[in-house]
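Laboratory data are not the source of any read-out in this text; all were calculated from the coordinates shown. This one's a predicted model, so the numbers in the text were calculated from it and none came from an experiment. Using ideal geometry, Cβ is built from the backbone for each residue, glycine included, and neighbour counts are taken over all protein chains shown.
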Amino acid sequence: EKEDMINKDLNEKEYAKFIGIQKSKLKSPTELWAEAGGNVSQHIAVYGAYEHLKQESNLYDYDDMLLYANQTLVENPQILRRLQSAYKYIFVDEAQDLNESQHILFGLIAGHMNPSTLKPYGDGRMTADTYCFIGDDKQAIYEFRGAEPEEFINISDSYGGEFQTSILRTNFRSG
């Protein structure tokens with residue numbers, strides 16, 4: 001009965017969601033701890049413990065793979081250049097469901113994202129011949145997992161972004 005009382009407040013899905021969203025925003029437990037000052041939430045503490053236990057066991061999760069891919073490209077310019085020269089046509093489908101980490105990964109490969117700042121260059125430069133996002137902001141369904149449809153919307157020239165937007169008015173899936 002005492003064990004039931006201890007675990008009563010634990011909701012693994014809630015913590016997993018929190019951790020995934022923070023990782024997609026490139027936030028480590030240490031950064032969150034510093035931002036929180038003396039007011040650290042249980043979620044941040046669980047995130048820190050999770051990362052520590054994973055590191056001790058030499059384990060990775062999906063979000064780690066995205067983070068390490070970005071880190072590798074930023075820290076190894078020769079690998080980044082090799083990928084940029086290999087991929088000249090980049091089409092990202094369901095772009096409304098990407099998170100920040102995924103936007104950075106594709107932006108780095110397309111040569112659109114500055115590896116020093118992890119922000120777009122701002123002058124339209126890129127190494128890819130075509131860098132295209134395909135999506136529908138009205139069908140964003142993964143915000144609960146850290147997707148940021150605003151990122152997709154805000155890059156459109158319809159909203160002041162630098163990407164030319166073409167709207168398909170015909171539904172090609174059904175008659």
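Within region 122-155, the set of residues being in a loop (DSSP other than H, G, I, E, B), surrounded by 13 or more Cβ atoms within 10 Å (Cβ to Cβ) and acidic (Asp, Glu) comprises ASP136, GLU148.
Checking each residue of region 128-138 against the condition of being more than 24 Å from SER24 (Cα to Cα), touching a helix residue (DSSP H, G or I) at 6+ places or on another chain (Cβ under 8 Å) and β-branched (Val, Ile, Thr) gives no match. Does GLU148 meet the test of being under 29 Å from TYR15 (Cα atoms), acidic (Asp, Glu) and in contact (Cβ under 8 Å) with a residue 40 or more places away in the chain? So GLU148 fits the description; yes.
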